Amino acid sequence: ARVGRAAVGKGATVRAGDLLISGIYRTASGVVSASAEGEVRGRVQQTLELTQPLFDEVKEYGKREKRSFSLNFFGREIKLFKSAGKNEGEYDIIKRKEQVALFGVVPLPITLAWEYALPYEESRVALTEEEAVRSAFSQMRRLLAIRLSEAEVLAESFAGEFTDSGFHLRCDVDCVIDIAVPLAYQSDLSGG
(Lines give C-alpha, C1' and ligand atoms only; values in the text may rest on other atoms or scores of the structure.)
Protein backbone atom coordinates (compact mmCIF):
# COMPACT_ATOMS: atom_id res chain seq x y z
CA ALA A 1 0.00 0.00 0.00
CA ARG A 2 1.34 3.43 -0.93
CA VAL A 3 -1.56 5.23 0.76
CA GLY A 4 -3.90 3.51 3.21
CA ARG A 5 -3.42 0.14 4.86
CA ALA A 6 -3.17 -3.35 3.42
CA ALA A 7 -6.33 -5.36 4.10
CA VAL A 8 -4.64 -8.66 3.14
CA GLY A 9 -1.16 -10.00 3.75
CA LYS A 10 1.45 -11.60 1.51
CA GLY A 11 0.46 -15.11 0.49
CA ALA A 12 -3.25 -14.65 1.23
CA THR A 13 -5.80 -16.14 -1.15
CA VAL A 14 -8.28 -13.55 -2.42
CA ARG A 15 -11.38 -13.61 -4.61
CA ALA A 16 -12.90 -11.07 -6.97
CA GLY A 17 -14.52 -8.29 -4.94
CA ASP A 18 -12.34 -8.69 -1.82
CA LEU A 19 -11.05 -5.46 -0.27
CA LEU A 20 -7.27 -5.39 -0.72
CA ILE A 21 -6.21 -1.88 0.38
CA SER A 22 -8.40 0.22 2.65
CA GLY A 23 -8.54 3.93 3.29
CA ILE A 24 -10.87 3.67 6.30
CA TYR A 25 -9.36 3.86 9.79
CA ARG A 26 -10.98 3.45 13.16
CA THR A 27 -9.62 5.86 15.75
CA ALA A 28 -10.58 6.69 19.33
CA SER A 29 -12.70 9.57 18.04
CA GLY A 30 -14.49 7.56 15.31
CA VAL A 31 -14.00 6.49 11.71
CA VAL A 32 -11.66 8.39 9.39
CA SER A 33 -11.79 8.08 5.62
CA ALA A 34 -8.84 8.76 3.32
CA SER A 35 -7.90 7.70 -0.17
CA ALA A 36 -6.22 4.34 -0.62
CA GLU A 37 -3.72 3.53 -3.31
CA GLY A 38 -1.25 0.77 -4.01
CA GLU A 39 -0.32 -2.21 -6.10
CA VAL A 40 -1.47 -5.74 -5.40
CA ARG A 41 0.41 -8.41 -7.27
CA GLY A 42 -1.12 -11.83 -7.30
CA ARG A 43 -0.23 -15.22 -8.70
CA VAL A 44 -2.94 -16.14 -11.18
CA GLN A 45 -3.58 -19.19 -13.35
CA GLN A 46 -5.29 -18.45 -16.67
CA THR A 47 -6.37 -20.65 -19.55
CA LEU A 48 -6.56 -19.31 -23.10
CA GLU A 49 -8.06 -21.34 -25.92
CA LEU A 50 -8.57 -20.95 -29.66
CA THR A 51 -9.41 -23.07 -32.69
CA GLN A 52 -7.76 -22.64 -36.08
CA PRO A 53 -9.99 -24.05 -38.85
CA LEU A 54 -8.31 -26.14 -41.55
CA PHE A 55 -8.88 -23.29 -43.96
CA ASP A 56 -8.01 -19.62 -44.03
CA GLU A 57 -9.88 -16.63 -45.45
CA VAL A 58 -7.72 -14.82 -47.99
CA LYS A 59 -8.46 -11.38 -49.44
CA GLU A 60 -7.74 -10.83 -53.10
CA TYR A 61 -7.48 -7.08 -53.69
CA GLY A 62 -8.51 -5.19 -56.79
CA LYS A 63 -7.39 -1.74 -57.97
CA ARG A 64 -7.62 0.97 -55.32
CA GLU A 65 -10.05 3.81 -55.94
CA LYS A 66 -9.55 7.32 -54.64
CA ARG A 67 -12.47 8.45 -52.49
CA SER A 68 -11.33 11.82 -51.19
CA PHE A 69 -8.46 14.28 -50.99
CA SER A 70 -8.41 17.18 -48.54
CA LEU A 71 -6.15 19.91 -47.26
CA ASN A 72 -6.02 20.97 -43.62
CA PHE A 73 -4.77 24.55 -43.46
CA PHE A 74 -4.37 26.12 -39.98
CA GLY A 75 -6.89 23.64 -38.55
CA ARG A 76 -9.48 24.22 -41.27
CA GLU A 77 -10.27 21.32 -43.58
CA ILE A 78 -10.79 22.03 -47.28
CA LYS A 79 -12.14 19.13 -49.38
CA LEU A 80 -10.46 19.23 -52.78
CA PHE A 81 -11.95 16.01 -54.14
CA LYS A 82 -14.67 13.57 -53.06
CA SER A 83 -15.93 10.72 -55.20
CA ALA A 84 -19.63 10.43 -55.86
CA GLY A 85 -21.52 7.24 -55.16
CA LYS A 86 -20.81 4.32 -52.93
CA ASN A 87 -18.41 1.46 -53.51
CA GLU A 88 -20.02 -1.90 -54.29
CA GLY A 89 -19.11 -5.10 -52.42
CA GLU A 90 -16.49 -5.48 -49.72
CA TYR A 91 -13.61 -3.04 -49.41
CA ASP A 92 -11.02 -1.76 -46.95
CA ILE A 93 -10.59 1.96 -46.36
CA ILE A 94 -7.04 3.27 -46.35
CA LYS A 95 -6.35 6.73 -44.91
CA ARG A 96 -3.07 8.55 -45.30
CA LYS A 97 -1.97 11.91 -43.89
CA GLU A 98 1.14 13.84 -44.70
CA GLN A 99 2.51 16.93 -42.96
CA VAL A 100 3.87 19.47 -45.47
CA ALA A 101 7.36 20.69 -44.62
CA LEU A 102 9.38 23.55 -46.12
CA PHE A 103 12.50 22.09 -47.78
CA GLY A 104 11.54 18.79 -46.16
CA VAL A 105 12.65 20.12 -42.76
CA VAL A 106 10.46 22.93 -41.37
CA PRO A 107 6.89 21.71 -40.74
CA LEU A 108 4.13 23.98 -42.02
CA PRO A 109 0.57 24.17 -40.64
CA ILE A 110 -0.64 22.25 -43.69
CA THR A 111 -1.67 18.59 -43.78
CA LEU A 112 -2.68 16.63 -46.86
CA ALA A 113 -5.12 13.73 -46.41
CA TRP A 114 -6.05 10.98 -48.85
CA GLU A 115 -8.68 8.29 -48.50
CA TYR A 116 -8.83 5.24 -50.76
CA ALA A 117 -11.24 2.32 -51.09
CA LEU A 118 -9.51 -0.97 -51.74
CA PRO A 119 -12.07 -3.51 -53.03
CA TYR A 120 -11.49 -7.20 -52.33
CA GLU A 121 -13.03 -10.61 -52.68
CA GLU A 122 -12.58 -13.26 -50.01
CA SER A 123 -11.83 -16.85 -50.81
CA ARG A 124 -11.11 -19.90 -48.69
CA VAL A 125 -7.76 -21.60 -48.91
CA ALA A 126 -7.25 -25.07 -47.44
CA LEU A 127 -4.47 -25.38 -44.85
CA THR A 128 -2.29 -28.39 -44.26
CA GLU A 129 -2.23 -29.72 -40.69
CA GLU A 130 1.24 -28.23 -40.24
CA GLU A 131 0.05 -24.79 -41.44
CA ALA A 132 -2.97 -24.95 -39.10
CA VAL A 133 -0.72 -25.77 -36.11
CA ARG A 134 1.71 -22.97 -37.02
CA SER A 135 -1.15 -20.47 -37.45
CA ALA A 136 -2.74 -21.49 -34.11
CA PHE A 137 0.54 -21.02 -32.23
CA SER A 138 1.10 -17.66 -33.94
CA GLN A 139 -2.39 -16.47 -32.95
CA MET A 140 -1.87 -17.75 -29.38
CA ARG A 141 1.42 -15.83 -29.06
CA ARG A 142 -0.38 -12.62 -30.15
CA LEU A 143 -3.22 -13.30 -27.69
CA LEU A 144 -0.75 -13.91 -24.86
CA ALA A 145 1.15 -10.71 -25.69
CA ILE A 146 -2.09 -8.67 -25.55
CA ARG A 147 -3.70 -10.30 -22.50
CA LEU A 148 -0.54 -10.61 -20.42
CA SER A 149 1.35 -7.48 -21.46
CA GLU A 150 1.64 -6.34 -17.82
CA ALA A 151 2.23 -9.82 -16.36
CA GLU A 152 5.35 -11.68 -15.30
CA VAL A 153 4.87 -15.12 -16.85
CA LEU A 154 6.17 -17.91 -14.59
CA ALA A 155 5.16 -20.92 -16.69
CA GLU A 156 3.13 -21.82 -19.76
CA SER A 157 2.00 -25.19 -21.02
CA PHE A 158 0.41 -25.89 -24.39
CA ALA A 159 -1.87 -28.71 -25.47
CA GLY A 160 -3.35 -29.11 -28.91
CA GLU A 161 -5.52 -31.56 -30.80
CA PHE A 162 -7.29 -31.83 -34.12
CA THR A 163 -11.08 -31.74 -33.88
CA ASP A 164 -13.89 -31.62 -36.44
CA SER A 165 -13.60 -27.80 -36.37
CA GLY A 166 -9.84 -27.63 -36.89
CA PHE A 167 -6.79 -27.48 -34.61
CA HIS A 168 -7.78 -26.62 -31.02
CA LEU A 169 -4.98 -25.08 -28.94
CA ARG A 170 -5.08 -24.56 -25.17
CA CYS A 171 -2.51 -22.64 -23.14
CA ASP A 172 -2.40 -22.76 -19.33
CA VAL A 173 -0.44 -19.81 -17.94
CA ASP A 174 0.86 -19.27 -14.42
CA CYS A 175 1.72 -15.59 -13.95
CA VAL A 176 2.10 -12.72 -11.50
CA ILE A 177 -0.01 -9.68 -12.36
CA ASP A 178 -1.47 -6.57 -10.70
CA ILE A 179 -4.91 -7.85 -9.62
CA ALA A 180 -6.18 -4.69 -7.91
CA VAL A 181 -9.16 -2.85 -9.38
CA PRO A 182 -9.38 0.78 -8.16
CA LEU A 183 -12.81 1.66 -6.83
CA ALA A 184 -14.32 4.99 -5.84
CA TYR A 185 -15.77 4.38 -2.40
CA GLN A 186 -18.65 6.61 -1.40
CA SER A 187 -19.94 6.36 2.14
CA ASP A 188 -21.68 8.46 4.74
CA LEU A 189 -19.23 8.29 7.62
CA SER A 190 -21.13 10.75 9.80
CA GLY A 191 -22.46 7.90 11.91
CA GLY A 192 -25.80 7.47 10.11
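Please report, to one decimal in angstroms, the Kirkwood hydrodynamic radius of the chain built from all distinct Cα-Cα pairs. Before the final figure, lay out the partial values.
Details: mean 1/r = 0.0429 Å⁻¹.
Value: 23.3 Å, from the Cα pair sum.
In percent, how large is the relative contact order of the stretch 29-172, given Cα pairs closer than 8 Å and 6 or more residues apart? Numbers along the way, then the final one.
Details: 222 pairs, mean separation 47.2, N = 144.
About 33 percent, as a whole number.
Between beta-carbons, use under 13 Å as the cut-off and find the net charge around residue 6, counting Lys and Arg +1, Asp and Glu -1.
Numbers: positive: 2, 5, 10, 41; negative: 18, 37, 39.
Summing Lys/Arg as +1 and Asp/Glu as -1 gives +1.
Quick check: at a probe of 1.4 Å, how many percent of the accessible area of the chain sits on carbon and sulfur atoms? Before the final figure, lay out each step's value.
Numbers: 7290 of 14280 Å².
Answer for the chain: carbon and sulfur cover 51 percent of the accessible area.
Picking from 173, 44, 14, which is most flexible by a Gaussian network model of the chain using Cα springs under 10 Å?
With Cα springs under 10 Å in the chain, the top fluctuation among 173, 44, 14 is at 14.
Apply the Karplus curve 6.51 cos²θ - 1.76 cosθ + 1.60, θ = phi - 60°, to the phi angles in the stretch 65-70 and return the couplings in whole Hz, x for Gly and Pro.
Running phi through 6.51 cos²θ - 1.76 cosθ + 1.60 with θ = phi - 60° gives 10, 6, 9, 7, 9, 9 Hz.
Cross-chain or 8 or more residues apart, Cα under 30 Å: how many lysine pairs in the chain fit that? Count them up, please.
Value for the chain: 20.
Relative contact order for the stretch 1-106: what is it in percent, counting Cα pairs under 8 Å that are at least 6 residues apart? Working shown, then result.
Numbers: 76 pairs, mean separation 17.4, N = 106.
Relative contact order for the stretch 1-106 comes out at 16 percent.
Under a GNM of the chain (C-alpha, springs under 10 Å), which listed residue has the highest mean-square fluctuation: 16, 28, 117?
Per the Cα network of the chain with a 10 Å cutoff, 28 tops the list.
Compute the label zone of residue 147 within the stretch 50-89: residues whose backbone N is under 16 Å from the point 7 Å along Cα-to-Cβ.
50-52
Can you tell me the 0 to 90 degree angle between the C-alpha axis of helix 129-147 and the longest principal axis of the chain, rounded to 10?
With both axes taken from Cα atoms, the answer is about 50 degrees.
Lys and Arg at +1, Asp and Glu at -1: add these up for the other residues within a Cβ distance under 12 Å of residue 45 and post the number. Don't jump to the answer; show the numbers that get you there.
Details: positive: 43; negative: 156, 172, 174.
Combined, the nearby Lys, Arg, Asp and Glu give -2.
Does anything in the stretch 81-108 have its amide N under 20 Å from the 7 Å Cα→Cβ label point of residue 66, and if so which residues?
The answer is 81-88, 92-101.
The values are calculated or read from the model by the stated rules, or taken from the named source; none is laboratory data. On a predicted model such as this, the values are computed, not experimentally measured, just so you know. Note: ideal-geometry Cβ built from the backbone for every residue, glycine included; neighbour counts use all protein chains shown. Side chains included, ligands, DNA and RNA excluded: accessible areas come from the protein's heavy atoms. Shrake-Rupley method; radii C 1.70, N 1.55, O 1.52, S 1.80 Å.
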